[in-house]
1. If I go through the stretch 11-31 residue by residue, how many of them are surrounded by 15 or more Cβ atoms within 10 Å (Cβ to Cβ) and either out of contact with any Ser or Thr (no Cβ under 7 Å at 6 or more places or on another chain) or of a type in the set (K, R) (or both)?
2. When you go through D3, D81, D90, D51 one by one, which is the residue that is under 25 Å from G102 (Cα atoms) and more than 20 Å from the chain's Cα centre (by Cα)?
3. Being open to solvent by 80 Å² or more (accessible area, probe 1.4 Å), among the aliphatic types (A, V, I, L, M) and modelled with pLDDT under 85, is that true of even one residue in the stretch 53-76?
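The values are calculated or read from the model by the stated rules, or taken from the named source; none is laboratory data. Being a predicted model, the structure only gives us computed values, none of them experimental. Cβ sites come from the backbone with ideal geometry, for glycine too, and all protein chains shown count toward neighbours. We work out accessible area using only protein heavy atoms, side chains counted, and drop any ligands, DNA or RNA first. Shrake-Rupley method; radii C 1.70, N 1.55, O 1.52, S 1.80 Å.
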Amino acid sequence: CDDGNNENGDGCSSSCIVESGYTCTGNIPDVCSWITGYGDGERMSGEGCNDGNTVNGDGCSSFCAVETGFTCTGGAAINVDLCSLLGCGDGQRLTGEGCDDGNTA
C-alpha cells in the first residue's frame, strides 16, 4: 500500500505494509479503512471474543481473539464479552496451580 504518508496506525504502515485490521484500496494514494466488526461489541462467526473495543491487553485483542491468560464469556450478536484473567477458581488447571476444582472455597 502507499497512502502518501509515513504514519503508522492509519492502515498503511510507514514501510507501506497494510496494517492488521485494515483494508486498503484504490490507486496511489491508497485509501485505508478499518475492517468493520472488530470491537463493535457483537461477536460474529470467526471472532473468539468481542468486548466492544480495540484495546489489546484487556483479554480480547483488537482483532477479537482471546488473549493468553484470559477467558471471555457472554458474547453474542447482541452482547459484549466480559473478559477476566485466568487463575485459581476458574476450573482450569494452569502452570503453577496444584489443582483447580472451579471454586474458591
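1. Residues in the stretch 11-31 being surrounded by 15 or more Cβ atoms within 10 Å (Cβ to Cβ) and either out of contact with any Ser or Thr (no Cβ under 7 Å at 6 or more places or on another chain) or of a type in the set (K, R) (or both): 5 in total.
2. When all the criteria are applied, what remains is D90.
3. no
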